[in-house]
């Protein structure tokens, strides 16, 4: 995956009006480019690399947002996340079996219930980050600026040296909890240890820098398609989720959105559904959607128009997923209330709150 959270941090359990619309807009922007990326069928490797170089920032941006606001982990928040994941994973599996007239496999049903779906790699990793976030938050809250720089150096060393450069099997592509912790710490540092007034005063510089970098990356991948070694080097610098180029590009995009002055309850309301957009499109439905895109490409001869059509199709998918999420929201709340209240799991949150562990 590119990802779609699609990271939903615990801020999403707060009231919509308390959220910062510029970062909610970044969520929507990120999930849109994830959908676009997942459905992209490039005619050649050079063009695929060109798109990847500018689209893969979405997943790091989601984690940066989580670090910026801080995950306030709780049993209630975890239950909400798991319920949504299970409902969509199981629901899509059952719908898939019905549509293709396939016999429901108990093994696959249990796998979708327990492990969701293989395409949801980010969900499992993010849940790991969610669970250990109270341990991360304590030193970050107490640390000075220099101490936070030391934390960034340590996690950066783990992510870059062991993962990106060292090629450790479980860390090489950046889809590891260690890399998410690194991005989370960067998000925290960006909130509390930079001068935001200076950043906002340079918003046009940030915009130009972001556009120039990504246009350059896109063009250079296309122009150097015959220089395999050069493309391999660029790929290594900008593709893995722990690559320095990709992380810097994501930070640049994040800072750019941080300078936007906007307050919109509509944007906040829509952004609540970003996780659902990811869960719905990235599972079994993804293969079906790619077949539609393939059919569209066969009917549209002009390559540029085909990408405009894909962008419009991706937008329509996002809208449909939001509608589904809003329709299912009352049902999911009932399930959450039964599990959390009637079973008595709220008592665990009370204990954690008394000991200063949970953010609820």
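The values are calculated or read from the model by the stated rules, or taken from the named source; none is laboratory data. Since the model is a prediction, treat every value here as computed from it, not as a measurement. Counting neighbours? That spans all protein chains shown, and the Cβs are built from the backbone with ideal geometry, glycine included.
Tabulated results
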read-out	value
Sole residue being assigned to a helix (DSSP H, G or I), surrounded by fewer than 22 Cβ atoms within 10 Å (Cβ to Cβ) and at pLDDT 90 or above, chosen from 213, 180	213
Only listed residue being under 15 Å from the mean Cα position of the chain (by Cα), buried (at least 23 other Cβ atoms within 10 Å of the Cβ), assigned to a helix (DSSP H, G or I) and at pLDDT 90 or above, chosen from 34, 71	34
Filter result for the condition that a residue is on the phi < 0 side of the Ramachandran plot, part of a helix (DSSP H, G or I) and either at pLDDT below 80 or touching a strand residue (DSSP E or B) at 6+ places or on another chain (Cβ under 9 Å) (or both), over 110, 65	110
Test result for residue 200, outside any loop (DSSP other than H, G, I, E, B), farther than 30 Å from residue 158 by Cβ and modelled with pLDDT under 90	yes
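So that you can scan it fast, the table gives a plain yes or no per residue for (1) at pLDDT 95 or above; (2) within 17 Å of the chain's Cα centre (by Cα); (3) closer than 22 Å to residue 60 by Cβ; (4) surrounded by fewer than 22 Cβ atoms within 10 Å (Cβ to Cβ):
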| position | (1), (2), (3), (4) |
| --- | --- |
| 234 | no, no, yes, yes |
| 264 | no, no, no, yes |
| 281 | no, yes, yes, no |
| 288 | no, no, no, yes |
